[in-house]
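A.B. asks: One structure is given below, represented as C-alpha cells, and several questions about it will come after.
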Amino acid sequence: MKLMLRALPVLFSVLISATVAVYAQNDAEGFLLAAREDSEVKSVDNQIKYLDEKPYRLAPLQKIELRTASNQLDPTRQEYGLRVNPANPWELRNNNQYFRQYRSMLALERGVLLKEALYERYLLLADLRYHQELKNVRQKERELIDTYIGIMEQQQYSDFFDGEDYVKLKLDQIDRDVEAEEAAFERDDVARQITTIYKTDTDPTAWKSDTLTFERMMMIVDSIFSVPATPSTIAYHNERITLAKKEYTLEKANVNLGFVQATYEEFRKAQGRHPWSISAGVTIPIFNPNKGDMAKRKIEMMEEEQEKQEVSTEQQTASIRAREQLRNLIKRYTSIQEKIKSLRVDNISKTLNTMQGNNPAVRIRLNANILKLEIVAVKLKQSVYYAYIEFLAQMDVLQQTPMINYFTSDLRAME
C-alpha cells in the first residue's frame, strides 16, 4: 500500500507531462484546422448553405395582372380581366441548372480558399520553427563570445593577449547582443501573428514541433508526385466555364412565353350572352432582347478558358520545379551538416591548440565559425520547408479530407 502511495506522485507527473505534450501538439494542429474558420472560407460556406435551401426556384407563374377597361366609356359596360403570364419552362429548367452549377463552383472555390489559408498557416509554423532555431544559435553565439572575452581578460598579462583583438571582440559582443535580440523579436512577432489568427491565449513558442526528417520528407513528396490528380484550381476554372455556359443558356431562354387572359363583361348578360371570355397570346422571339448579356457570357467563357490554360501550364511546371528545388536544397543542407560534423572532430581542435601553443581561445574561435555554418544550415532548413509547403500547395493536397498534418512523419490525420 505504501509502495502504491509512493508511486502515485510519479504516475501523476507522467500523466501530466503526457497530457501537456499532447496538448502542445494539438495546438499546432488546431491552428491548421482553424483554417476552416477563415473569413473567406466561412463566407463561401454561408453561400453554399443558403443555396442548399433552394431559394432560387422560380414560380410557375411569371406574373398575374388584374385589368379593367371601360367599353365605349359607358359605366354600365365595364370590363374586368385576369391576365396570367406563365413562366418559360426552359427558363425554369436552365435557372435550376445554373444555380446547381453555381453551388458546385462554390464548393471548389471553398477548396481553393481553404488551401490558401492552410498554405499561409504552414508558412507561419515554418517561420516560427526557423526563428526559434535561429534564436537558439544566436544565443549560443552570445554565450560563446562572452566566454571568449572572459578568456582574453584572463590572458591580458600573457603573450596571447592582443589589445586590438580585445576591442574588436567587445564590439562584436554588442553586435551579437543585437542579433540575439532581433532573433527573439522576430520569433515573438511570428508568434503574435499566429495568436492573432488563431485567437488563442496559448504561447505558440511552447508548441511541440514534430520531427520530420528530410529523408522522410522526400519519400512523401515522391509518393504524392507519383499519383497525379486534377488540381482543384483547374477543376475550379472548368466549373466557372461551365457556369458561364449555363448562364448563357439561361439568358437565351429568358423570354416571355406569352399570356392567358380571362375577361368578365357584365353587360353581356343583358344581351343573353355569357359574360366570360378567354384569350391567349404566344410570344415569338424573333429578336432576343438579351443578346447583349449573352455576348458578355461568351466573353467570360473565353477569358476563363485562357486563364485555365495559363494556370494549367504553370501548375504542370511548378510542381516539378518545387520538387527539384526541394531535392537540391536538401543536398546543400546535408553538405553543410557534414562540414559542421567534420569541424567538430576533437583532433582538429587539438591540432590547432598545439599549433597555437595551447591557447584556449583557439577552440572558441573554431566554435564561433562552426556557429556561422549552423546559421547557414538553419536558413537552408527554412528554405527546405518553404519548398516542401510550395510543393504540397501545387499538388493540391493540403485541403484534401481528411486533413493531414504534413509536418508529421506518419502523416497524421488531424480530424
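A.B. asks: I'd like the FRET efficiency for Asp203 and Asn238, computed as 1/(1 + (r/R0)^6) with the beta carbon distance as r and R0 of 51 Å, rounded to 0.05. Before the final figure, lay out each step's value.
C.D. replies: Numbers: r = 44 Å, r/R0 = 0.86.
Using R0 = 51 Å, I get an efficiency of 0.70.
A.B. asks: For the pair Val227/Tyr56, report the inter-label distance in nm, with labels modelled 7 Å from Cα in the Cβ direction.
C.D. replies: 3.3 nm
A.B. asks: Can you tell which of Met294, His274, Gln309 lies farthest toward the positive end of the dipole of the stretch 273-312, using +1 and -1 charges on the Cβ of basic and acidic side chains (Lys, Arg; Asp, Glu)?
C.D. replies: Looking along the dipole axis, the top candidate is His274.
A.B. asks: Further question: So what's the projected area for the stretch 197-307, the Cα convex hull averaged over all directions, in nm²?
C.D. replies: The number I arrive at for the stretch 197-307 is 18.6 nm².
A.B. asks: Under a crude label model (7 Å from the Cα following the beta-carbon direction), how far is Phe267 from Ala34 in nanometres?
C.D. replies: 7.9 nm
A.B. asks: Another one. Determine which lysines satisfy two conditions relative to Lys246: a Cα distance under 20 Å, and not lying fewer than 8 residues away in the same chain.
C.D. replies: Here the lysines satisfying the reach criterion relative to Lys246 are Lys54, Lys291, Lys296, Lys298, Lys308.
A.B. asks: Right, another one. Along Cα→Cβ, 7 Å out, is where each label goes; now give me the distance between the ones at Gln47 and Thr76 in nm to one decimal.
C.D. replies: The modelled label-to-label distance comes out at 6.5 nm.
A.B. asks: Which loop chymotrypsin sites (Phe, Trp or Tyr not before Pro) in the stretch 241-288, with loop taken from DSSP, have no more than 13 other Cβ atoms within 10 angstrom of their Cβ? Intermediate values should be presented prior to the final figure.
C.D. replies: On the way: sites: Tyr248, Phe259, Tyr264, Phe267, Trp276, Phe287; in loops: Phe287.
Those satisfying the criteria are Phe287.
A.B. asks: Convert each backbone phi in the stretch 295-306 into a coupling constant with the Karplus relation 6.51 cos²θ - 1.76 cosθ + 1.60 (shift: θ = phi - 60°), then list the ³J(HN,Hα) values in order as whole Hz, x for Gly and Pro.
C.D. replies: After applying 6.51 cos²θ - 1.76 cosθ + 1.60, I find 5, 4, 5, 4, 5, 4, 4, 4, 5, 5, 4, 5 Hz.
A.B. asks: Run the accessible area of the stretch 275-347 with a 1.4 Å probe and give the carbon-and-sulfur part as a rounded percent.
C.D. replies: With neighbouring chains kept in place, the figure for the stretch 275-347 is 55 percent.
A.B. asks: Could you run the Karplus curve 6.51 cos²θ - 1.76 cosθ + 1.60 with θ = phi - 60° over the stretch 403-415 and give me ³J(HN,Hα) per residue in whole Hz, x for Gly and Pro?
C.D. replies: 3J(HN,Hα) across the stretch 403-415, in whole Hz: 5, 10, 8, 7, 9, 10, 5, 8, 6, 5, 6, 8, 10.
A.B. asks: Could I ask something else about it? Under 5 Å between amide hydrogens, which residues at least 5 positions from Gly81 or on another chain qualify, with H placed 1.01 Å from N in the peptide plane?
C.D. replies: Residues meeting the amide H criterion: Arg67, Thr68, Tyr264.
A.B. asks: Give me the extension gain from Glu415 to Asn328: residue separation times 0.36 nm, minus the current Cα-Cα distance, reported in nm with one decimal.
C.D. replies: Roughly 28.0 nm would be gained on extension.
A.B. asks: On to the next question. Beyond a 31 Å Cα-Cα separation, which of these cross-linked pairs lie in this structure: Lys115/Lys245; Lys115/Lys252; Lys199/Lys331; Lys170/Lys379?
C.D. replies: Violating the 31 Å Cα-Cα cut-off are Lys115/Lys252; Lys199/Lys331.
A.B. asks: Using a 10 Å cut-off on Cβ atoms, rank the peptides 138-148, 195-205 from the highest mean neighbour count down.
C.D. replies: Details: 138-148: 18.2, 195-205: 14.2.
Those peptides, ordered most packed to least, come out 138-148, 195-205.
The values are calculated or read from the model by the stated rules, or taken from the named source; none is laboratory data. Just so we're clear, the structure is a prediction, and the values are computed from it rather than from any experiment. Here the Cβ is made from the backbone with ideal geometry for all residues, glycine too, and neighbour counts use every protein chain on show. Quick note on the areas: whole protein, heavy atoms, side chains included, nothing else; ligands and nucleic acids left out. Shrake-Rupley method; radii C 1.70, N 1.55, O 1.52, S 1.80 Å.
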